[in-house]
Amino acid sequence: MAPFRNIELLQPEPAKSKNYAASQLFSCMKRFLGFLCVVSLASNAIAQERKYGPLRLDFKYARKNDFAVVIPAKNNKDQRIFIGVYCQDRLFNSTGSEGQWKEWQIPVNIYESRIVADVCNQI
């Protein structure tokens, strides 16, 4: 009696198809590209200084309160001012060089419009 007669030989699993390997690679690439997309979007949102015509806004120190977003800025005379954006009604405001807030109004030029759009679309 042969000692191994009742033992079945293990058959190797059939090799997985090339399509399976390609789909695994594609799935991995999708996850990696998704990760890169998130990182890319986050890096665009990193606080930075941006120029809008005569104004330089420092988004690093932007603050959002219950009412509006307030961003420190410098005007073309290099004076520190503040910009306010009220996104609910898409309104713009700023302080004068003496620090007093003006009236809330709709943006009156392309630079103010771009500021409102950029601030409100990134919240």
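The values are calculated or read from the model by the stated rules, or taken from the named source; none is laboratory data. These figures come from a predicted structure and were not determined experimentally. Here Cβ is always computed from backbone atoms with ideal geometry, including for glycine, and neighbour counts include all displayed protein chains.
Couple of notes before you dig in:
- For segment 16-50, a residue qualifies if it is at pLDDT 65 or above and closer than 30 Å to L91 by Cβ, and the qualifying residues are Q48, E49, R50.
- Selection within segment 68-82 - loosely packed, with under 11 Cβ neighbours inside 10 Å and either over 15 Å from E49 (Cα atoms) or in contact with a Leu (Cβ under 6 Å, 6 or more places away or on another chain) (or both): K77
- Within segment 83-110, the set of residues being aromatic (F, W, Y) and crowded, with 16+ Cβ neighbours inside 10 Å comprises Y86, F92.
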